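Taking it in order: structure first as structure tokens, then the write-up.
The values are calculated or read from the model by the stated rules, or taken from the named source; none is laboratory data. Please read all numbers here as calculations on a predicted model, not as lab measurements. Glycine gets a Cβ as well: all are built from the backbone with ideal geometry, and neighbour counts include every protein chain shown. Protein only, heavy atoms only, side chains kept; ligands, DNA and RNA dropped before computing areas. Shrake-Rupley method; radii C 1.70, N 1.55, O 1.52, S 1.80 Å.
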Amino acid sequence: MDYLKGTDIKLFQEDDVFHINIDTVLLGQWLDIPKDKDILDIGTNTGALLLYAARFSPRSLTGIDINEKALKIAEKNLIYNNVQAELILTDVRDFRHDLFDIIICNPPFYERSSDARSFKDAAKCEESMPLDDLFNAYRHLIKDNGYIYMCYPAKRLFTLYDMCEKYKYRICKMQFVHNKDKEAFRVLVKLKRGKTISTTIEKPLYI
């Protein structure tokens, strides 16, 4: 059993599904959500981001994933931590639901390699959830005044920006994450529908 960093929340994990990593922790700790919101976690895996989101007293929590075993572990984690959430086995491209106030997503972004033979490895590859398909799905799932929280490679910020332009989202807040004194390797973004008026760029985070 592990702990979610920055909390006293305990988490069960198993070897053949994804373990929480630095991206999970960065995004979970960056969330800032008003209470009584309907929240969707896309690619919920073992429920870590749902558990982070539960600290904000949401009206409802929903997690979706294509990995049935991961969702069973997520259910175990939610029950252990007394958190109520709806868990659904589905691909986001097929998912339809009442609209959400908040969407959380830590999308896959690795290129497929010859080593990506297992389900776990393949699911880390971008082709399992192309960014274009993900943004298209957002349109059917988020309220007009809703927000989307994402973690993405910093070097691919312009890819993310182009997708925002295509689907008419704006980056209203962002923060670059650096490894010690090196260049940024991740960017945390908060998106909202509409034209870009201004963007809050927070101080860089060094880990």
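At a glance:
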{"quantity": "Extension gain from ASP2 to LYS35, taking 0.36 nm per residue of separation minus the Cα-Cα distance", "calculated": "9.2 nm"}
{"quantity": "Peptide ranges 81-89, 129-137 listed from the most packed, as the mean C-beta count within 10 angstrom indicates", "calculated": "129-137, 81-89"}
{"quantity": "Distance violations [Cα-Cα > 19 Å] among LYS37/LYS69; LYS76/LYS143; LYS10/LYS173; LYS10/LYS72; LYS5/LYS192", "calculated": "LYS37/LYS69; LYS76/LYS143; LYS10/LYS173; LYS5/LYS192"}
{"quantity": "In nm, spacing of pseudo-spin labels at THR90 and ASP16 (7 Å Cα→C-beta vector)", "calculated": "2.7 nm"}
{"quantity": "FRET E, pair LYS155, LYS203, Förster distance 22 Å, beta-carbon r, rounded to 0.05", "calculated": "0.65"}
{"quantity": "Distance in nm between pseudo-label sites at LYS168 and ASN136 (7 Å out along the Cβ direction from Cα)", "calculated": "1.8 nm"}
{"quantity": "Charge dipole (debye, nearest 20) of the chain; +1 at Cβ of Lys and Arg, -1 at Cβ of Asp and Glu", "calculated": "760 debye"}
{"quantity": "Average accessible area per residue (Å²) across segment 6-109 - probe 1.4 Å, nucleic acids and ligands excluded", "calculated": "45 Å²"}
{"quantity": "Diffusion coefficient, µm² s⁻¹, Stokes-Einstein with Kirkwood Rh over alpha-carbon pairs of the chain at 25 °C and 0.890 mPa s", "calculated": "141 µm²/s"}
{"quantity": "LEU87 long-range amide H proximity, modeled H, under 5 Å", "calculated": "GLY63"}
{"quantity": "Cα centre as origin, Lys/Arg/Asp/Glu Cβ charges: segment 13-109 dipole, Debye", "calculated": "240 debye"}
{"quantity": "Whole-percent carbon and sulfur share, accessible surface of the chain, 1.4 Å", "calculated": "48 percent"}
{"quantity": "Antiparallel DSSP beta bridges within the chain, percent to nearest 5", "calculated": "45 percent"}
